[in-house]
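S.K.: I'd like to ask you about the structure that follows.
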Amino acid sequence: MKTSIRFGVPLAAALLAIGSALGPAYAAGVKIGYVGGISGACGGLTHSARKAMEIAQDEINSAGGVLGGPIEIVWRDSKTKPDEGSKQARDLILSEKVDLLTGVCSSSVFMAINPIAKQYGVPLFSAISGTHKATIDFGHPFVVQTQPHTLMEGKALAEYAARKGWKNIVTMGLDYEWGRTTVKVFTEELAKLNPDAKITRQLWPRIGETNLTSYITAALADEPDLIMAVMFGSGTNSLIKQGKAYGLLQRTELLTFLSTESYMSLGRDIPDGVHGWARGPFYALTADAAREFVAKYQAAHDGEYPNDWGILGYDVMYIIAGALEKAGSTDPAALREALGAMAFDTLRGELRMRTIDNTFNAPSFIGVTRMTDDYPFPVMTDVNVIPGDLTLPDETTVQALREAAKG
Amino acid sequence: MAAEHRRGNASWSIDWRLVAATFVLVAIALHLSPPLVAFAIIEVMIFALYASALNLLLSYSGMVSFGHAVYFGLGAYGLAITIAKFGWPMWAGVVAGPLVSAFFGLVYGALCVQLTAIYAAMLTLACAEITFAIVFQWFDFTGGDSGISGHVPAMMGLSPAWFGMVVLVVVTICILALWRVVHAPLGLTIRAVGENPVRAAAMGHGRKRVQLAAFVISAFLSGVAGTLYGIFHGNVFPEYVGVLFTIDGLVMVLLGGLYSFGAGIYGAIVYKLLDNVMAHYFEYWQLVIGVILVLVVLVSPAGIAGLVSTVAARLRGRAG
Amino acid sequence: MIIVQVLQGLMEGVFLFLIASGLTLIFGVSRIVNFAHGSFYMLGAFLTYQIHPWIAAGTPGGFFTSILLCGVLVALIGLAFELVFLRRVYHAEELMQLVLTLAAVLIVRDLTKFFWGLDDVTVVLPDALSGAVIMGDLFLPTYQLAMVTVGVLVLVSLWAVLKFTRAGIVLRAATDDRGMVALLGINQAHVFTAVFTVGSFLAGIAGGFAAAFESVNYLLDARVIVLAFIVVVIGGLGNLYGALFAALGVGVVKSLGLLWAPRLSMVVIFLLMAVVLLFRSLRRTGE
């Protein structure tokens, strides 16, 4: 039986099948490649970004487009996997010939696409991922960050904690890049802002851990003024849910990441009085444009509200369009120059990008949860908007991190 | 049925015409395809090697690995860490990748062959989880969940077609080598042990030593696949060592058909075809894989390989 | 503080036992490694999320009834899976059982995504269950006490069934020696079917309890199956009482580990798993 290595025939058939299913495409105008976790772990977050970006695309195109043509977005699913993301990004560059890339979501996908943007010289605008590593440690001229990254957020949290005067603090950081860096920056910055404050204990739940009861008892044993929980999604949800029975909110304060989709999924399970931080909470935006956008979004999607990633996605489209218009071409060097030279009117207010690390002075939003009559879920009230200018790392820090990354 | 298949490999010689035809065909397809299709072909080839290496354990040596992604992923980590952290030249990193995998195959394998059946499989799982935890948590060395990227240009800076050629050559050599292993004296011993350890022991073959040899070979070839994957994407992440890549490999082999040499190859083709094509139209393509697996059990325990050989035999019968 | 942590770990351990008991029971009797155990657990969680608003929503009675009902639903699904598919492969290769249970994992996961989407869901606890018994510094959440009670109930009833009923005697015999049961003229297939159904039921109610305890999503299956494997392996595959001690041990290692070695507790648990496996094998060869 020689058949056991007769794999040539089916292989050929398979190749032909793939070949006929997919083919090269061509289009005129500005072409934006979107790579993001449409399915996989990010699926629950990014759908709103996509809807928002489509609204922005329609608006821009019906106002005449940019550079004399319409904006076209090619949607690709990274499945929230770094390997799939890097593959899709390369295909967008090689066969779709996109002028620039945007999207991402998980920081691993961002880190996977980042060197590809550099390798092929295609600008990459992060809309949904907050790692600072892509623009700082491994930064290059083509990568742009439009939301507050980890270093900025850590500093904003320290700023807020100092304003509140909390002294004894337990940190609970998910044991991976985001959790570790945020806790580290928070600790360092708080020591500068409020020398009296001290971290009494550091806890490191594993990512994906949802039974947090023994972390809660360990944290409460210290009788802290604050539990700083660098967690998100199911981690945050489980912490709040399980904390209730221990009287967590009566015995201490809780500060944690609460973007809009958490409010939507937990609903009334989120008690009043949690300190939450977010990157683009629609209900806290005061610009007229923001109110118009939310109304438009709701009208188009059965009254659903956009989450933070929707706000960030909408903003990134107008940033791209504005910069292209000013640059007068899709040439990356001209684009970068335009980005550095102008102010952008975004839903989150007027923002600027600095050129040392292509990072926008994006604000962080920190407030206290409360059930109001305005929405079917709790939202943050008394929102502190901590401007990016206050939290951007200085140039020495940026250079030091870049040197260390080369090591 | 299964036993029949085990003894069914009557021909040990390589059908060179077939190998050459396949090689030429794939090479042509690579050059005619747009990038995304070329990427899919490259993925199929890399995973065909990975799944074939795993198949050496499953089909021939009577072992199940619930953590084979470790040897795949460590190949990519061996490449990345030696280049990015130790400053080695690229060629040295390429050599180091599979050797790192083989080394861990030796260490873990030596432990796992002390046990048998499900107990050994559970030990492979424990080893894999420990490795994953270390890779994920040792930030300074492995980059943690941010991985390592940019240490090599993706696809070595080649075009998809020409990088595909490199992969094609390497994978062909490795799979031919695996064929030799399975059909050489060592392979016969491995199979004897896999089928009936007691009888093999009576013939003087120590089960543990033979299974360890198979384990190391499998780990090494998985490492070659992982190293290629690391170059293909120009990065490495803990996912490559993780449970999803392990399940991918297992599903490919089981889909392809146990106790046949081609299992990994057929399985990789079908699995990656669905992953790359069907996933665009139907989000729930893994459900389809699940249904196919059920059908495999109920209709054709020898998997796709079994179906192919049945059809081929009928065709030949008709032609003859 | 250490006492609080140990107690907390024990409570978590009882829940881990509830998760793992079905898996070890099934393995003990039929030697099936049921990879779909985590999937059944996840189904239990999502079904409870789905039906709890329809059954006296907001009352503890309605809440527990919906969990029980979902346990029964999952048991029926398990029963169907056993009768239609699994039964055919008891005499085939062990790997064929792997293929089937792995297929079930893939199918259940995609169905979960299809029906309930990618977002996290959670069941709001009835007010009567969301408090705690407070003794000085010690908080014993009512709901966790309820879960512990259920865990103990399951343990006691399994023990009683195994010890005193005819079915239990058959089961124990089957765990020790499959062939003998067949020789005694007992229909092995019925025993396997019954045990698989009970195992699925246990997975289902464990999942139901989880739905109100944490935030669940479609990725739950993989995490749970690995946890269950740890407990089952450390306890000795097929050993129900071993699983109990393993579960309690894992719970305590976690709750104390986070104080002293916050980043290593998982590695320690897997090392323990490896050492137990190797130690058992050495002892076997030594005999």
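S.K.: So the check is Cβ under 9 Å with 6+ separation or different chains; which pairs have a first residue in segment A:245-259 that's more than 21 Å from residue A:186 (Cα to Cα) and a second one that's part of a helix (DSSP H, G or I) and among the hydroxyl-bearing types (Ser, Thr, Tyr)?
M.R.: A:245/A:213; A:245/C:142; A:245/C:143; A:246/A:213; A:246/A:217
S.K.: Starting from residues that are on the phi < 0 side of the Ramachandran plot and more than 13 Å from the chain's Cα centre (by Cα), keep the ones in segment B:256-270 and report whichever is farthest from the other protein chains (Cβ to nearest Cβ).
M.R.: Ranking the qualifying residues of segment B:256-270, first place goes to B:270.
S.K.: Separate question: If we keep just the residues of segment C:182-224 that are of a type in the set (Val, Ile, Thr) and closer than 25 Å to residue C:143 by Cβ, which is surrounded by the fewest Cβ atoms within 10 Å (Cβ to Cβ)?
M.R.: Checked segment C:182-224; the qualifying residue surrounded by the fewest Cβ atoms within 10 Å (Cβ to Cβ) is C:198.
S.K.: Of these, A:161, A:221, which one is crowded, with 23+ Cβ neighbours inside 10 Å and touching a strand residue (DSSP E or B) at 6+ places or on another chain (Cβ under 9 Å)?
M.R.: Answer to the check: A:161.
S.K.: Against the conditions (1) modelled with pLDDT of 95 or more; (2) farther than 30 Å from residue A:267 by Cα, where does residue A:390 fall short? Just the number, please.
M.R.: (1)
S.K.: Could you go through segment A:369-388 and let me know if any residue there is assigned to a helix (DSSP H, G or I) and not assigned by TED's automatic domain parsing to the domain that holds residue A:142.
M.R.: yes
S.K.: Then there is this: Can you tell me which residue is most open to solvent (accessible area, probe 1.4 Å) among those in segment C:138-153 that are touching a residue at least 12 places away in the same chain (Cβ under 8 Å) and at the interface with another protein chain (Cβ under 8 Å from one of its Cβ atoms)?
M.R.: Top of the filtered list is C:142.
S.K.: Of all residues in segment C:155-204, how many are modelled with pLDDT of 90 or more and either in contact with a Gly (Cβ under 7 Å, 6 or more places away or on another chain) or under 21 Å from residue C:34 (Cα atoms) (or both)?
M.R.: Qualifying residue count, segment C:155-204: 14.
S.K.: Tell me, which residue of segment B:158-170 that is over 16 Å from residue A:87 (Cβ atoms) and open to solvent by 30 Å² or more (accessible area, probe 1.4 Å) is nearest to the other protein chains (Cβ to nearest Cβ)?
M.R.: Only one residue tops the list, namely B:162.
S.K.: Continuing with the same structure: Considering segment C:73-131 alone, what residues qualify as being among the small types (Gly, Ala, Ser), within 14 Å of chain B (Cβ to nearest Cβ), surrounded by fewer than 20 Cβ atoms within 10 Å (Cβ to Cβ) and in a helix (DSSP H, G or I)?
M.R.: The answer is C:80, and nothing else.
S.K.: Test each condition in (1) without any contact (Cβ under 8 Å) to a residue 60 or more places away in the chain; (2) assigned to a loop (DSSP other than H, G, I, E, B); (3) of a type outside the set (A, V, I, L, M, F, W, C) for residue C:58 and report the one that comes out false.
M.R.: For residue C:58, the exception is condition (1).
S.K.: Let me ask something else about it. For the structure I just gave you, tell me whether residue A:73 is away from every other protein chain (no Cβ under 13 Å), β-branched (Val, Ile, Thr), open to solvent by 10 Å² or more (accessible area, probe 1.4 Å) and on the phi < 0 side of the Ramachandran plot.
M.R.: Judged against the criteria, residue A:73 is a match.
S.K.: Answer yes or no as to whether residue B:273 is open to solvent by 10 Å² or more (accessible area, probe 1.4 Å), of a type outside the set (S, T, N, Q), in contact with a helix residue (DSSP H, G or I) (Cβ under 8 Å, 6 or more places away or on another chain) and modelled with pLDDT of 90 or more.
M.R.: yes
S.K.: Just name the residue that is farthest from residue B:137 (Cα to Cα) out of those in segment C:253-275 that are among the β-branched types (Val, Ile, Thr) and open to solvent by less than 30 Å² (accessible area, probe 1.4 Å).
M.R.: Looking at residues that are among the β-branched types (Val, Ile, Thr) and open to solvent by less than 30 Å² (accessible area, probe 1.4 Å), I get C:269.
S.K.: Within segment C:238-247, can one find any residue that is under 14 Å from the mean Cα position of the chain (by Cα) and outside any helix (DSSP H, G or I)?
M.R.: Yes: segment C:238-247 contains one or more residues that are under 14 Å from the mean Cα position of the chain (by Cα) and outside any helix (DSSP H, G or I).
S.K.: Condition test on residue A:239, is it among the hydrophobic types (A, V, I, L, M, F, W, C), touching a residue at least 60 places away in the same chain (Cβ under 8 Å) and within 13 Å of chain C (Cβ to nearest Cβ)?
M.R.: yes
S.K.: Is it the case, given these coordinates, that residue A:285 is assigned by TED's automatic domain parsing to the domain that holds residue A:160 and more than 26 Å from residue A:64 (Cα to Cα)?
M.R.: No: the conditions fail for residue A:285.
S.K.: Sticking with this structure for a sec: Please pick out the residue among B:212, B:250, B:228 that is facing another protein chain (nearest Cβ under 8 Å), of a type in the set (A, V, I, L, M) and either surrounded by 24 or more Cβ atoms within 10 Å (Cβ to Cβ) or touching a residue at least 12 places away in the same chain (Cβ under 8 Å) (or both).
M.R.: B:250
S.K.: Only one of these is out of contact with any Phe, Trp or Tyr (no Cβ under 6 Å at 6 or more places or on another chain), at pLDDT 95 or above and of a type in the set (D, E, K, R): A:272, A:315, A:302. Name it.
M.R.: Selected residue: A:315, the only one of A:272, A:315, A:302 that is out of contact with any Phe, Trp or Tyr (no Cβ under 6 Å at 6 or more places or on another chain), at pLDDT 95 or above and of a type in the set (D, E, K, R).
S.K.: Kindly indicate whether residue A:153 is under 15 Å from residue A:392 (Cα atoms), surrounded by fewer than 24 Cβ atoms within 10 Å (Cβ to Cβ) and touching a strand residue (DSSP E or B) at 6+ places or on another chain (Cβ under 9 Å).
M.R.: Here the answer is no, as residue A:153 does not meet what is asked.
S.K.: Same structure, new question: Mind listing whichever residues of segment C:21-52 are of a type in the set (Gly, Ala, Ser) and either open to solvent by 10 Å² or more (accessible area, probe 1.4 Å) or within 14 Å of chain A (Cβ to nearest Cβ) (or both)?
M.R.: Matches in segment C:21-52: C:38, C:45.
S.K.: When you check residue C:32 against the structure, is it under 16 Å from the mean Cα position of the chain (by Cα) and in a helix (DSSP H, G or I), yes or no?
M.R.: No, not satisfied.
S.K.: Give, as residue ranges, the helices (runs of 4 or more DSSP H) completely inside segment B:63-153 that count at least 1 residues that are within 13 Å of chain A (Cβ to nearest Cβ), open to solvent by 10 Å² or more (accessible area, probe 1.4 Å) and within 27 Å of residue C:234 (Cβ to Cβ).
M.R.: B:117-137
S.K.: What's the number of the condition residue A:101 fails, among (1) open to solvent by 10 Å² or more (accessible area, probe 1.4 Å); (2) of a type outside the set (Gly, Ala, Ser); (3) not in a helix (DSSP H, G or I)?
M.R.: Failing condition for residue A:101: (1).
S.K.: Oh, and also: Where residues in segment C:246-283 are of a type in the set (D, E, K, R) and at the interface with chain A (Cβ under 10 Å from one of its Cβ atoms), which of them is nearest to residue C:227 (Cα to Cα)?
M.R.: C:254
S.K.: On the basis of being more than 19 Å from the chain's Cα centre (by Cα) and without any contact (Cβ under 8 Å) to a residue 24 or more places away in the chain, does residue A:341 make the cut?
M.R.: yes
S.K.: How many of the residues making up segment B:30-58 are open to solvent by 10 Å² or more (accessible area, probe 1.4 Å) and among the hydroxyl-bearing types (Ser, Thr, Tyr)?
M.R.: Going through segment B:30-58 one residue at a time, the tally reaches 1.
The values are calculated or read from the model by the stated rules, or taken from the named source; none is laboratory data. Quantities reported herein were computed from a predicted structural model and do not represent experimental measurements. Every residue, glycine among them, receives a Cβ derived from its backbone with ideal geometry; neighbour counts consider all protein chains shown. With ligands, DNA and RNA removed, areas are computed over all heavy atoms of the protein, side chains included. Shrake-Rupley method; radii C 1.70, N 1.55, O 1.52, S 1.80 Å.
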